[in-house]
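Here's the structure, in structure tokens; my notes come after.
No lab work stands behind these numbers, since they all come straight from the coordinates. Keep in mind that what you see is a predicted model, and the values were worked out from it rather than measured. Here Cβ is always computed from backbone atoms with ideal geometry, including for glycine, and neighbour counts include all displayed protein chains.
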Amino acid sequence: MRCFLIFVVLLLTSTTAVAERLCHHRKVLIDYLQTKYLEKRVVVMVDGNGRLVELFDNKKTGSWSILVTEPGQKLSCIVSFGFGIRFIQPEESRKEFPAYREESG
């Protein structure tokens with residue numbers, strides 16, 4: 001799952017992959033996601049460029065959003081959102097994404 005999430009985050013946070021972003025102060029966007037979509041933060045990570053990447057989801061509706069904050073900035077951007085998130089176990093990710101299988105010994 002970690003490899004898959006890293007791949008998704010890298011794809012979605014690259015400036016060439018995302019044509020349009022909704023940007024505002026981080027607190028305003030978090031309040032918006034929590035009140036309008038009832039999404040809660042479920043994953044927090046820092047990418048290779050030092051950006052804070054947060055995944056929010058609503059288990060009841062299936063909505064999800066990815067929020068990215070540049071280092072030292074209060075401004076954040078929702079870089080992607082949608083419906084239908086599914087968390088998979090590591091053994092499932094190896095079956096579904098064979099290119100991300102870990103090399104053995």
Exercise for review: Quickly work out the ASP31-to-LYS74 label distance, labels modelled 7 Å from Cα along the C-beta direction, and quote it in nm with one decimal.
Suggested key: 1.2 nm
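Using 0.36 nm per residue, how much length does the chain from ILE85 to LEU38 gain when fully extended, once their Cα-Cα distance is taken away? Spell out each step's value before the answer.
On the way: separation 47, 0.36 × 47 = 16.92 nm, distance 1.47 nm.
Length gained between ILE85 and LEU38: 15.5 nm.
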Review point. Residue by residue, what Karplus-based ³J(HN,Hα) values in Hz, rounded to whole numbers, does the stretch 76-84 have, using 6.51, -1.76 and 1.60 with θ = phi - 60° and x for Gly and Pro?
Key: 10, 9, 7, 8, 6, 7, x, 10, x
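Checking the a/c ratio against 1.5 first, then a/b against b/c, what shape does the Cα gyration tensor give for the stretch 21-70?
Details: a/c = 2.54, a/b = 1.46, b/c = 1.74.
Note, shape of the stretch 21-70 comes out oblate.
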